[in-house]
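FYI, it's all coordinate maths here, none of it is from the lab. The structure displayed is predicted, hence computed values, not measured ones. When we count neighbours, we look across all protein chains shown, and the Cβ atoms used for this are built from the backbone with ideal geometry, even at glycine.
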Amino acid sequence: MNHQEVLSIAKNELMALDSHLINVLDITKPTSIEYAKQLAKVISKLSPLLGNMIEFSTVDLLNQHDWAGSGEWVRQDPGFPDALFKSNSVIPNPGIEIKAWFPFATEITARFKDSVTIFSQDNIDMALIAWLPEHVIWGKPQIIDALVVSGRSVAEARALS
């Protein structure tokens, strides 16, 4: 197994997350219209906390795959990339930089300031995992979609702008 095969398998696992519930927090159903209005105003404050927990849960999910003893995914927090496939046999170690995106968050764009040189071996992918509470403003976090692309391609595109 090489780093491209590991990343391909990981990409398929992540892209299959549509409608997957992340069991890290359950926001209770509002008991009144006033409470719902207030919740809608402050729900964006959950983005950093739940984003971090979704990143952590993603590593757990990737480790559910049978990697045939070739390595395991570890969460690097802080660190780059967020998820690293630690292996003595798959060199360079593949990684995934995960951006858990909450559409109601106040942050519009992901921070991505690393240079193209970090991605020269094309062993790091970028995963954008979009999520919402399962009932838009209440319930458990639910993955609404995932996109996984080469980190190198993202860095090259950013360098052009």
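Taking H as built 1.01 Å from N, whose amide H comes closer than 5 Å to the amide H of ILE137, not counting residues under 5 places away?
none
Using alpha carbons only, how many degrees (0 to 90, rounded to 10) separate the axis of helix 151-160 from the longest principal axis of the chain?
It is inclined by approximately 80 degrees.
What is the dipole size for the chain, taken about its Cα centre, with +1 at each Lys and Arg Cβ and -1 at each Asp and Glu Cβ, in debye to the nearest 20?
Values: 13 positive and 19 negative charges, 114 e Å.
Charge dipole, the chain, about its Cα centre: 540 debye, nearest 20.
Computed from the coordinates I sent, Rg and Dmax of the Cα atoms in Å equals one of (1) 17.0, 63; (2) 15.3, 44; (3) 17.0, 57. Tell me the label.
(3)
Any chance you could give the angle, 0 to 90 degrees and rounded to 10, that helix 33-42 forms with the longest Cα principal axis of the chain?
30
Please go through the residue pairs LYS45/LYS86; LYS37/LYS140; LYS11/LYS37; LYS86/LYS140 and name each one whose alpha carbons sit more than 28 Å apart in this structure. Spell out each step's value before the answer.
Working: LYS45/LYS86 33 Å; LYS37/LYS140 18 Å; LYS11/LYS37 37 Å; LYS86/LYS140 30 Å.
From LYS45/LYS86; LYS37/LYS140; LYS11/LYS37; LYS86/LYS140, over 28 Å: LYS45/LYS86; LYS11/LYS37; LYS86/LYS140.
Antiparallel as a % of all DSSP beta bridges within the chain, to the nearest 5? All intermediate terms of the calculation are to be shown ahead of the outcome.
Details: 17 of 24 bridges.
Given both bridge residues lie in the chain, the antiparallel proportion sits at roughly 70 percent.
Would you mind counting up the charge near PHE56? Only other residues with Cβ under 13 Å from its Cβ, with Lys and Arg at +1 and Asp and Glu at -1.
Numbers: positive: ARG75; negative: GLU55, ASP60, ASP77, ASP82.
Here the charged neighbours net out to -3.
Ranked from highest to lowest mean number of other Cβ atoms within 10 Å per residue, what is the order of the peptides 13-24, 69-80?
Details: 13-24: 15.5, 69-80: 14.0.
Peptide ranking by packing, descending: 13-24, 69-80.
Report the full-extension gain for the segment SER120 to VAL149: residue separation times 0.36 nm, less the Cα-Cα distance, to one decimal in nm.
On the way: separation 29, 0.36 × 29 = 10.44 nm, distance 1.47 nm.
Length gained, SER120 through VAL149: 9.0 nm.
For helix 3-15, report the angle its Cα long axis makes with the longest principal axis of the Cα atoms of the chain; keep it between 0 and 90° and round to the nearest 10°.
Orientation of helix 3-15: about 20 degrees from the principal axis.
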